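Notes follow the structure.
The values are calculated or read from the model by the stated rules, or taken from the named source; none is laboratory data. Just so we're clear, the structure is a prediction, and the values are computed from it rather than from any experiment. We place every Cβ from the backbone using ideal geometry, glycine too, and count neighbours over all the protein chains shown.
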Amino acid sequence: MNTARALRAKLNGPSMVLAPFVYDALQAKIAQRIGFEAVYMTGFGTAAARGFPDLGLLTMSEMVENARTIARAVEIPLICDADTGYGNPVNVWRTVREYEGAGAAALHIEDQVWPKRCGFLAGKQVIPMEDMVPKVHAACDARTNPDTVIIARTDALAVNGWEDVERRAHAYREAGADLIFVDGIRTIDDLNNYTSRLGGLPLLYNGQLLPVAELAKRGFKATIYSGTLLAYYESARNVLAELKETGSVKSSGQGGAFREIVDLLRVEAMDALGKKYQK
């Protein structure tokens, strides 16, 4: 199945693509079962699941392996964080090939210096626009599947302000990026500037400042929804705290949740496959 083609068709359609943050295959399978059209492999979550902060500590191969694990678990398109592309334009070229090979339908490359920082952390720095444009060119040239969606992310807002963001966004689009992604949108004023200043470009939004229906009215082509990542953390923290404090977990769901997981993971189908080869 060409999930990149499916994603591109959705992006060209009238509706905004909503992709919840996931960092493992089980979360992705739940999202698919619920009915989402795509999922987003978060770099912050991928790092956190390995016990690291999102400070450029994971390698390209670690990120690609997680993408491969998620992509083979679902049939819906996977959008991926590819950090800065892990080096110069040649490194970006290889990054795109590796992510494509892992099953990613889309990936975003950002213009931060390396090591990068989470887009919502202080202390970010960006490379010159003139250094980023060749990386976008390389990312687009590297595609073996012409439907693979290349997303150019800029983190210049917190560093240089909106004028520089506008310059970069238009330059990255001219270099071939399919979507433009301005990260670090913290306020409604930021959101208003995003859509008013860059409204002529195909835009991706990361966040949860407004309900999804309101975001769709603003013309975004896609939203990657970070609220799911925070909810995963809060749920796990609260359940473990409940177990520690009370000695049990009342909200565990017991048999119902277990049966759902068994069904989601296709245990019966795997059992049937095993019986097929029994003597």
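Could you tell me whether L243 is touching a helix residue (DSSP H, G or I) at 6+ places or on another chain (Cβ under 8 Å) and either more than 30 Å from G51 (Cβ to Cβ) or not assigned by TED's automatic domain parsing to the domain that holds H108 (or both)?
no
Only residues that are at positive phi and at pLDDT below 95: list them for region 43-86, please.
G56
Looking at (1) under 23 Å from W93 (Cβ atoms); (2) of a type in the set (A, V, I, L, M, F, W, C); (3) surrounded by fewer than 24 Cβ atoms within 10 Å (Cβ to Cβ), which is the only condition F120 fails?
Going through the list (1) under 23 Å from W93 (Cβ atoms); (2) of a type in the set (A, V, I, L, M, F, W, C); (3) surrounded by fewer than 24 Cβ atoms within 10 Å (Cβ to Cβ), F120 breaks only (1).
Based on this model, can you work out whether T59 counts as in contact (Cβ under 8 Å) with a residue 24 or more places away in the chain, surrounded by 16 or more Cβ atoms within 10 Å (Cβ to Cβ) and polar (S, T, N, Q)? Spell out how you get there, then give the answer.
On the way: in contact (Cβ under 8 Å) with a residue 24 or more places away in the chain: yes; surrounded by 16 or more Cβ atoms within 10 Å (Cβ to Cβ): no; polar (S, T, N, Q): yes.
No; evaluated as a whole, the condition is false for this residue.
Which one of these is in contact with a strand residue (DSSP E or B) (Cβ under 6 Å, 6 or more places away or on another chain) and polar (S, T, N, Q): N238, N206, N192, N160? Working first, answer last.
On the way: N238 fails: in contact with a strand residue (DSSP E or B) (Cβ under 6 Å, 6 or more places away or on another chain); N192 fails: in contact with a strand residue (DSSP E or B) (Cβ under 6 Å, 6 or more places away or on another chain); N160 fails: in contact with a strand residue (DSSP E or B) (Cβ under 6 Å, 6 or more places away or on another chain).
Just one listed residue meets the conditions, N206.
Kindly indicate whether M1 is at pLDDT below 95 and under 17 Å from A106 (Cα atoms).
Considered against the rule, which asks whether it is at pLDDT below 95 and under 17 Å from A106 (Cα atoms), M1 comes out as yes.
For region 211-225: of the residues being touching a helix residue (DSSP H, G or I) at 6+ places or on another chain (Cβ under 8 Å) and either touching a residue at least 60 places away in the same chain (Cβ under 8 Å) or outside the structural domain of V182 (by TED's automatic domain parsing) (or both), which is surrounded by the most Cβ atoms within 10 Å (Cβ to Cβ)?
Ranking the qualifying residues of region 211-225, first place goes to A222.
Which number in (1) farther than 18 Å from G87 by Cα; (2) under 21 Å from the mean Cα position of the chain (by Cα); (3) modelled with pLDDT of 95 or more marks the one condition that A152 misses?
(1)
Being at pLDDT 95 or above, small (G, A, S) and assigned to a helix (DSSP H, G or I) is the requirement here; does A104 meet it?
no
Step by step: first the residues of region 58-101, then only those that are among the acidic types (D, E) and in a loop (DSSP other than H, G, I, E, B), then the one that is nearest to the chain's Cα centre (by Cα). Which residue is that?
Taking region 58-101 first, the residues among the acidic types (D, E) are 62, 65, 75, 81, 83, 98, 100.
Cutting the leftovers down to in a loop (DSSP other than H, G, I, E, B) gives us 75, 83.
Working: E75: 16, D83: 10 Å.
Here the residue is D83.
Going by what's in this entry, would G200 be described as at pLDDT below 95 and either at positive phi or among the charged types (D, E, K, R) (or both)? Let's see the steps before the verdict.
Details: at pLDDT below 95: yes; either at positive phi or among the charged types (D, E, K, R) (or both): no.
It is false that G200 is at pLDDT below 95 and either at positive phi or among the charged types (D, E, K, R) (or both).
Can you find, within region 253-266, the residue that is modelled with the lowest pLDDT among those that are exposed (fewer than 12 other Cβ atoms within 10 Å of the Cβ) and of a type in the set (A, V, I, L, M)?
That would be A257.
What are the residues in region 45-56 that are surrounded by 13 or more Cβ atoms within 10 Å (Cβ to Cβ) and not acidic (D, E), if any?
Passing the criteria: G45, T46, A47, A48, A49, F52, L55, G56.
Among the residues that make up region 101-119, is at least one of them without any contact (Cβ under 8 Å) to a residue 40 or more places away in the chain and under 20 Å from A47 (Cα atoms)?
Yes, some residue in region 101-119 is without any contact (Cβ under 8 Å) to a residue 40 or more places away in the chain and under 20 Å from A47 (Cα atoms).
Is region 255-262 home to any residue that is assigned by TED's automatic domain parsing to the domain that holds C80 and farther than 19 Å from A31 by Cα?
If we filter region 255-262 for residues that are assigned by TED's automatic domain parsing to the domain that holds C80, which is where we start, we get none.
No; the residues of region 255-262 include none that is assigned by TED's automatic domain parsing to the domain that holds C80 and farther than 19 Å from A31 by Cα.
For region 4-31, give me each residue that is more than 15 Å from E75 (Cα to Cα) and touching a Leu at 6+ places or on another chain (Cβ under 7 Å).
Of everything in region 4-31, those that are more than 15 Å from E75 (Cα to Cα) and touching a Leu at 6+ places or on another chain (Cβ under 7 Å) turn out to be M16, V17, F21.
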